[in-house]
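Student: Before we start, here is the structure in question, set down as structure tokens.
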Amino acid sequence: MPYISIILPIYNVEEYLEKCLDSIFKQKFKDFEVIAVDDGSTDSSFKILESYQSHENRLKIFHKINEGVGEARNFGLEQSIGKYIFFVDPDDSLIPNKLGSLAKITFQYNAELFLFGFEEVNTTGKIVRAVQNKQLTLYKKNEEIGKDFVQLSKENNIRVPWNKLYLRDALIKYSIRFPEQETGEDAVFNLKLLREVSSLVVIDEVFYAYLSGRPGSSQSLFRKIRVSDNLVISNELSKLAEHWNLEKSLIYNNDINNGFKVIKDVFSSKSIKFIFENIRWFRNQKKFIDAFNLIRIKDVGEVKQLVKYLTIKIFLMNCH
């Protein structure tokens, strides 16, 4: 049985896939399997996978109809047999020869979840920023995680799956799967898991390189569905806040950040018609407006968040 199952959800990433696969298979640590789930690609991604499989028996390829990245990850999880699960996005890459270091830490700390640092790289290959924890920290109880959650959220990307290593048995035990929604499914997945896990290791090393700003990626597109999907995330944050008795500002900051991003995406368009159509569309988003109106200016702490809050407030006022 392989020690780590690396799950790759594949959809039209022919330009990036070879770099990703090379970064995995060139690791000195070899005790892993790669489960590549082709989610109905229409480019040459599947052919690239087949060419690697011809000389790499650790690569398992599955082809399915397009249902989105969450369902592709769920499918890969069902096929996996490793002790630990590592979700890797196919346009990203692993830092050279770091997988062994990550495995070594899991040998020492038999935790249910590991959180590590990453580099953010732009499309020209330049490192935009590096997110690295100051020290290795072991949390032995769920309530210990809760005490530091707000700080952990500020210093790490808690929501994404690619900067984490998951104990497979824990995901099965707690029935954690990616939900059927177009955006934010990874946030819901992790927030649900964090309510359950009994142990977490925060690692003070960088193991992953995340590609930002890729044209066509889910993060670079304006989607109306983000508004309703974010309400699901807010609901999970609310459950987490209640579970750990955290301040409601945790939820409010989420709503402010996501609302600001949606509005920013609308006005980044060069089409005046597109902008006015979406302003009219926002008038009917009662759930979003009602959720945002629960936030009072006194609940907003940092100046940066206050600017975002006031921007959304002005925008919503002009939608009516």
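Student: So, of the residues in segment 262-276 that are open to solvent by 80 Å² or more (accessible area, probe 1.4 Å) and touching a helix residue (DSSP H, G or I) at 6+ places or on another chain (Cβ under 9 Å), which turns out to be nearest to R226 (Cα to Cα)?
Tutor: Selected residue: K264.
Student: Does segment 265-277 hold any residues that are closer than 22 Å to T183 by Cα, at pLDDT 80 or above and either in contact with a Leu (Cβ under 8 Å, 6 or more places away or on another chain) or not hydrophobic (A, V, I, L, M, F, W, C) (or both), and which are they?
Tutor: Matches in segment 265-277: E277 only.
Student: When segment 78-133 is examined, which residues are found to be open to solvent by less than 30 Å² (accessible area, probe 1.4 Å), among the aromatic types (F, W, Y) and within 23 Å of M1 (Cα to Cα)?
Tutor: Result: Y84, F86, F87, F114.
Student: Sort out which residues of segment 49-63 are in contact with a strand residue (DSSP E or B) (Cβ under 9 Å, 6 or more places away or on another chain) and either touching a residue at least 12 places away in the same chain (Cβ under 8 Å) or under 21 Å from G82 (Cα atoms) (or both), and write them in order of number.
Tutor: Of everything in segment 49-63, those that are in contact with a strand residue (DSSP E or B) (Cβ under 9 Å, 6 or more places away or on another chain) and either touching a residue at least 12 places away in the same chain (Cβ under 8 Å) or under 21 Å from G82 (Cα atoms) (or both) turn out to be L49, Y52, Q53, E56, R58, L59, K60, I61, F62, H63.
Student: Further question: Could you list, in sequence order, all residues of segment 6-34 that are over 19 Å from Y210 (Cα atoms) and open to solvent by less than 20 Å² (accessible area, probe 1.4 Å)?
Tutor: Residues satisfying the conditions are F32, E33.
For (1) polar (S, T, N, Q); (2) more than 19 Å from the chain's Cα centre (by Cα), each residue gets a yes or a no:
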residue	(1), (2)
Y3	no, yes
E14	no, yes
D43	no, yes
Q53	yes, yes
V69	no, no
F75	no, no
Q79	yes, yes
G82	no, yes
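Student: So how many residues does segment 148-168 have that are more than 17 Å from the chain's Cα centre (by Cα) and without any contact (Cβ under 8 Å) to a residue 40 or more places away in the chain?
Tutor: Number satisfying all stated conditions: 2.
Student: Run E143 past the list (1) charged (D, E, K, R); (2) more than 22 Å from E247 (Cα to Cα); (3) part of a helix (DSSP H, G or I) and report the number of the one that doesn't hold.
Tutor: Condition (2) is where E143 drops out.
Student: Out of the residues in segment 90-128 that are among the basic types (K, R) and within 30 Å of D43 (Cβ to Cβ), state the one that is modelled with the lowest pLDDT.
Tutor: Filtering first and then ranking leaves K126.
Student: Just to be sure I understand the filter: pairs with C-beta atoms under 6 Å, separated by 6 or more residues or on different chains, first member in segment 289-304 and modelled with pLDDT of 75 or more, second member not in a helix (DSSP H, G or I). Which pairs pass?
Tutor: Matching pairs, first to second residue: none at all.
Student: Given R195, R226, which one is over 23 Å from Q132 (Cα atoms) and either surrounded by fewer than 19 Cβ atoms within 10 Å (Cβ to Cβ) or modelled with pLDDT of 95 or more (or both)?
Tutor: Result: R195 is the single residue among R195, R226 that is over 23 Å from Q132 (Cα atoms) and either surrounded by fewer than 19 Cβ atoms within 10 Å (Cβ to Cβ) or modelled with pLDDT of 95 or more (or both).
Table: residues versus (1) of a type in the set (D, E, K, R); (2) in contact with a Pro (Cβ under 7 Å, 6 or more places away or on another chain); (3) touching a residue at least 12 places away in the same chain (Cβ under 8 Å).
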position	(1), (2), (3)
F75	no, no, yes
S80	no, no, yes
I85	no, no, yes
D89	yes, no, yes
S93	no, no, yes
P96	no, no, yes
F107	no, no, no
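Student: So, E180, is that one under 30 Å from P96 (Cβ atoms), open to solvent by 30 Å² or more (accessible area, probe 1.4 Å), touching a residue at least 24 places away in the same chain (Cβ under 8 Å) and not in a helix (DSSP H, G or I) or not?
Tutor: When the stated conditions are applied, E180 does not pass them.
The values are calculated or read from the model by the stated rules, or taken from the named source; none is laboratory data. None of these values were measured; they are calculated from a predicted model. Because the Cβ atoms are built from the backbone with ideal geometry, glycine has one as well, and the counts that use them run over all protein chains shown. All accessible areas refer to the heavy atoms of the entire protein, side chains included, with ligands and DNA or RNA removed. Shrake-Rupley method; radii C 1.70, N 1.55, O 1.52, S 1.80 Å.
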